[in-house]
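First up is the structure itself, then whatever we jot down about it.
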Amino acid sequence: MVTLDTPATEHAGPFASPTTWTEWMQFIDAEPAQLPGQGPWTLDERLDYHSRFVILSTPAMGKISLALRRLMILNRRHNGTARRGLIVSGPPTTGKTTTLQQLGRSFHLADRARHQSPGRRLPVVFLSVPPAATPKMLVSELARFLDLPIAPRMNQAQITDAVCGVLRDLATQLVLVDDVHLLNTRTRAGAETSDQMKHLSERIPATFVYAGVDVDKSPLLAGKRGAQLAGRFKLVTNPPLAYGSTAHTAAWEGLIGGMEKALRLHRHRPGTLIRHAAYLHQRTGGRIGSLSALLREAAIAAILDGTEKITKQLLADIEVDQLAEQAARPPKRRTTGRRI
């Protein structure tokens, strides 16, 4: 099993996902996106920088962080099994996974600061629900995160006992579970996996946070099992950012301004992107994932073609994800036939 004094090795590649203990520690210890020194920077350094780019806080992220902090205090001395949890729900590309990981990172670093000699501690665990998950698959994902040796002959109960014992020993306080919308409780496997998640939350003295696409409309909260979950978990939505009111406009322009300030382009004029805030909202539907991808690709294109600036024409030439493209298309006009 991996221990916290095991030196973190470098990522095999820039896209390693924190689904194991070692990868999670690399994610925790990673420096924010930045360029070395004051420059001048090479073309490759700037391309790599815009490939990774910055992560900015949104109003929804602050709301979710506050809700989680309150719940963790509420659960701190709770001795029963019905600890409170949190569900983060929203449409695709609104930043749910990023929010989940950043919350975990912040809590992990805060826990590290409180324990100068942490010893064997793992305050946060992060996992994603596997497709077509079964109870054994789910708990095996936790075992894989912990690098626990699992023998082929071990059954679900034995793996569960091993995982729960280790997480209790490591003083785990926060369990983050992504992609819970993949659980279809109308099927036997999905229902049993939902039961397994409930069982884990009763065995492990930690606060559980789930995230998924439109969880409030999914089968996860339907029926008797869903009622049990809904009775313990608070649901917080992470919707696309709105645009229109003074407050919404300020939040959207603030996000764009933060991203624009982080650009490293030689001839880009500050304030250009904020002037196109309404256009950017129309192109992306207010989805932070779509916005980030559009601006990062535009910056990379501007570096590669030598223009070194982002213009509205450049933005128009870049296609975003299909979800945003479909939302940005004007509705078709209905034509009525004329009677002769």
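Taken together, the values in this text are just the output of simple stated rules run on the coordinates, not laboratory data. Values in this document were obtained by computation on a predicted structure and should not be read as measured data. With ideal geometry, Cβ positions are generated from the backbone for all residues, glycine too; neighbour counts draw on all protein chains shown.
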Subject >> Rounded to 10°, Cα long-axis angle of helix 59-75 versus longest principal axis of the chain >> reply: 10 degrees
Subject >> Overall Cα dimensions of the chain - principal axes, largest extent first, Å >> reply: 70, 65, 39
Original post:
For the range 138-154, in order, what is each residue's ³J(HN,Hα) by Karplus, 6.51 cos²θ - 1.76 cosθ + 1.60 with θ = phi - 60°, in whole Hz (x at glycine and Pro)?
Top reply: 5, 6, 5, 5, 5, 5, 5, 4, 7, 6, 7, x, 10, 6, x, 7, 6
**OP:** Mind checking which of ALA110, GLN26, GLY190 is farthest towards the positive end of the chain's charge dipole, using Cβ charges of +1 (Lys, Arg) and -1 (Asp, Glu) about the Cα centre?
**Re:** GLY190
Original post:
Where does helix 188-203 land angle-wise versus the long Cα axis of the chain, in degrees 0 to 90, nearest 10?
Top reply: 70 degrees
**OP:** Run through the DSSP bridge list for the range 59-237 and note the antiparallel percent, rounded to the nearest 5.
**Re:** 0 percent
Original post:
Near the amide H of GLY90, under 5 Å away, which other amide H atoms are found, from residues 5 or more places off or on another chain, if H is placed in the peptide plane?
Top reply: GLY212, ASP214, VAL215, ASN238
Original post:
Residue by residue, what Karplus-based ³J(HN,Hα) values in Hz, rounded to whole numbers, does the range 210-219 have, using 6.51, -1.76 and 1.60 with θ = phi - 60° and x for Gly and Pro?
Top reply: 9, 9, x, 7, 6, 4, 5, 9, 8, x
Original post:
Among the trypsin sites (Lys or Arg not before Pro) within the range 29-108, which fall in a DSSP loop and have no more than 11 other Cβ atoms within 10 Å of their own Cβ?
Top reply: ARG76, ARG77
Original post:
Percent relative contact order of the range 242-326, based on C-alpha pairs within less than 8 angstrom and at least six residues apart?
Top reply: 30 percent
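Need one number: convex hull volume per residue for the range 206-264, Cα atoms only, in Å³. Intermediate values should be presented prior to the final figure.
Values: hull volume 8.5 nm³, N = 59.
Per-residue hull volume (Cα only) is 144 Å³.
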Subject >> Computed over the chain: relative contact order in percent, which uses C-alpha pairs under 8 Å that are six or more apart >> reply: 20 percent
Original post:
Hey, what number do you get for the chain at 222 nm if only DSSP H runs of n ≥ 4 count, each worth -39500 (n - 2.57), divided across all residues, to the nearest 500?
Top reply: -15000 deg cm²/dmol
